[in-house]
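Scroll down for the structure; my scribbles are underneath it.
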Amino acid sequence: MLIELRDMFKTYEVGTQQVHALRDISLSIEENEYVAIMGPSGSGKSTLMNIVGCLDTPTEGSYLLKGTEVAALDDDELAEIRSAEIGFVFQTFNLLPRMTAFQNVELPLIYGRAARHTRAERVWETMDAVGLRERAHHRPNELSGGQRQRVAIARALINRPSIILADEPTGNLDSVTGEEIMQVFRGLSDAGNTIILVTHEQYIAEHATRIVKLLDGRIASDTTT
Amino acid sequence: MGTLERASPGTGFRQGSAKAMEFRETLLSSIRTLRSHKMRSLLTMLGIVIGTGSLVSVMSLIAGLNSSVSAQFQSVGTDIISVSRYPWVQMGNSDAYKDRKHITLEDAAAVGRLRSVGMVAANIHTRRHIAHDGRVMKYTLVSGSTAEYEIIDNYLVEEGRFITDLDVERRRQSVVIGADVAGELFPVRDPLGKEVRVGGRRFTVVGILKSKGDIFGESLDDLVIIPITTFQKAYGSRRSVVIDCSPAEGVPIERTMDDIRQVMRTMTGIVGLALLVGGIGVMNVMLVSVAERTREIGVRKAIGARRGDITSQFLIESIILTGIGGAMGIAGGAGVALLVKAVTPLPAEVTVAAVALAAAFAVVTGVAFGVYPAHRAGRLRPIEALRYE
């Protein structure tokens, strides 16, 4: 099992009040699954994604990633897991504006301590995979929205992560471009990658093979198509 | 599309977490950030440039002043210390002394307050023509002084009295004349109470000095003494004062001289202020930089940056900033000091110590004031940083 969440809670303190963002979540995801997490805003889907992506840790319960208990790890250990196992794709792309597409894609390799002489080759290979070799030396502001998201996907893929986490990846794109990006994810899934997609759009979620719906911090439904 | 295969599922987590990121990468990344924020980098550096610049220029000026104090002591007689800008016997050209500290009446007063000092007399001199009733003595030494001068410099009054405290206080036009002057201008009459012109100004003779004879063929009696305050009013107060003093009773003369040296050195407190201002400037800008790059930090962390990666990036940025700023400040400060030296009578000396201290200051500021912002950047929690707008 790639991901195993057991009896997991996430509680925030807001002033004197306790906000239960996630309650009693148990969820298992296998390798090469393509899962969409759905729910209205406030349902806890972002919190769930943050925990699965090792950006945050649960308040209670257990999260096993490839058999390792993540809930107990410290900051740097989490950073290492993010570097090696997780590839993030954000709604707003989150590319570093001062760097070229190439440099953006290369960055996770640098944080992953990849040797310099191996990096360029990896970057080109990945840029080819998302079809952006020609735009490699442009900065994000010289690229279209779809191209930016492809750069972001390349950056997520570069360290060959176990999980690709995409948070509303088409939210800032027009429907045609959004569809193209979903085709990229389709290709990645077909190539054996595990993809977790957070969305509130039904038609986007339908690209996935499994849909988990959250409501008020609980799993409301879990259906495999 | 679809060419990307999952290379080796289940490779496990990386080992060797202690391995540091390549320094070259951190450095390049820092330089890239600084270059892309040229205006901000420049303004940050400005604080350091001004800090180190004022450090170097102030220290150079102080060094110039201090170097003057060292060689200007001589013993006059057995137990009289004389502090002057110029030595009694000048070797070579006088340029060697022009950078020395200008000695003022305030300095004399400060020396007088020392416990190890007994009596103090300040005096200034120039040369002027002395005239009475058609008779003229050319280029006679005119000495502006105080009452204590009589005792310290061992003058004996033949007739009348010496300059008194009241003469000094009221800036009276009183003059005590040397034996040569008395003999030349008043061959027959009694000079006491008569009027003489000193450099064209009217003075009343209040005393006549006993002859001191001559030394190396120069008469010691070809002089007139007037109150120091009157002297300054008549000839300006820009002339350097000579301070003659005696040690206090039972104090060794060496100790008195040490004390005087201390007094003559200028304050160095200004420098400390310059350091602090520059440092706070750097910290301020680095904190702003951390705040406005919060999202960037969040992204970097999300894609695998560790705490140390972020911290060292910010630290290196501030060190580069202060390093370049420091170099510019040292060059600028030395330039200012040399300019001041060239166009004003103030002395200046750019010392190795000043440059070294400024360089050390720049580096220490970069580290000390960069650590806190860098630490804060490293500690940012990724989810909060990513949510930051």
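Since only A:78, A:54, A:118 are under comparison, the one whose Cα sits farthest along the positive direction of the charge dipole of the stretch A:29-123, derived from C-beta charges on Lys, Arg, Asp and Glu, is A:118. Only one residue of B:147, A:191, B:251 has its Cα farthest out toward the positive end of the dipole of the protein assembly as shown, where Lys and Arg carry +1 and Asp and Glu -1 on Cβ, and that residue is B:147.
Counting partner chain Cβ atoms within 10 Å of every residue's Cβ in A:50-62, what's the average? Before the final figure, lay out each step's value.
Details: counts 5, 1, 0, 3, 2, 9, 4, 0, 0, 0, 0, 0, 0.
Per residue, the average neighbour count from other chains is 2.
In terms of distances greater than 29 angstrom between alpha carbons, the cross-link table entries B:194/B:233; A:45/B:38; B:138/B:341 yield A:45/B:38; B:138/B:341.
Exposed loop sites are taken as GluC sites (Glu not before Pro) in a DSSP loop (any state but H, G, I, E or B) with at most 16 other beta carbon atoms within 10 Å; the longest stretch of chain A without one runs A:32-200.
Sites listed here are trypsin sites (Lys or Arg not before Pro) in the stretch A:1-100 whose DSSP assignment is loop and whose Cβ has at most 11 other Cβ atoms within 10 Å, and the list is empty.
With all protein chains present, how much of the accessible area of the stretch A:1-75 (probe radius 1.4 Å) comes from carbon and sulfur, to the nearest whole percent? Before the final figure, lay out each step's value.
Values: 1450 of 3290 Å².
Of the solvent-accessible surface of the stretch A:1-75, carbon and sulfur hold 44 percent.
About the Cα centre, and with charges only on the beta carbon of Lys, Arg (+1) and Asp, Glu (-1), how big is the dipole of the protein assembly as shown? Nearest 20 debye, please. Walk me through the numbers before you get to the answer.
Working: 68 positive and 69 negative charges, 298 e Å.
In debye, rounded to 20, the protein assembly as shown gives about 1440.
Of all beta bridges that DSSP places with both ends in the stretch A:84-225, some 40 percent have antiparallel geometry. Take every pair of alpha-carbon atoms less than 8 Å apart whose residues are at least six positions apart; their mean separation over the length of chain A yields a relative contact order of 29 percent.
Evaluate peptide A:78-87: per residue, the Cβ atoms of other protein chains within 10 Å of its Cβ; return the mean as an integer.
Values: counts 4, 13, 7, 3, 7, 9, 5, 5, 3, 3.
For this peptide, the per-residue mean of nearby foreign Cβ atoms is 6.
The modelled label-to-label distance between residue B:258 and residue B:292, using points 7 Å beyond Cα along the C-beta direction, is 5.5 nm. Taken along the Cα-to-beta-carbon direction at a fixed 7 Å, the label points for residue B:159 and residue B:127 span 2.8 nm. Secondary-structure-derived ellipticity at 222 nm for the protein assembly as shown, considering helices only, amounts to -14500 deg cm²/dmol, per-run term -39500 (n - 2.57) for DSSP H runs with n ≥ 4. Among beta bridges identified by DSSP and lying wholly in the protein assembly as shown, the antiparallel ones come to about 70 percent.
Mind checking the per residue accessible area of chain A for me, 1.4 Å probe, whole number of Å²?
Values: 8970 Å² over 225 residues.
I get 40 Å² per residue for chain A.
The Rg/Rh ratio for the protein assembly as shown is 1.35, where Rg is the radius of gyration of the alpha carbons and Rh is the Kirkwood radius. Counting, for every residue in A:93-106, the Cβ atoms of other protein chains within 10 Å of its Cβ and taking the mean gives 3. Compared with the direct C-alpha span, the chain from residue B:344 to residue B:22 gains 110.7 nm at full extension, assuming 0.36 nm per residue. Spin-label pair residue B:384-residue A:32: with each label point 7 Å from Cα along the Cα-Cβ axis, the two points sit 4.2 nm from one another.
The values are calculated or read from the model by the stated rules, or taken from the named source; none is laboratory data. Computed from a predicted model, the values in this text were never measured in an experiment. Please note: Cβ atoms are built from the backbone with ideal geometry, for glycine as well, and neighbour counts cover all protein chains shown. The area values use the complete protein model at the heavy-atom level, side chains included, leaving out ligands, DNA and RNA. Shrake-Rupley method; radii C 1.70, N 1.55, O 1.52, S 1.80 Å.
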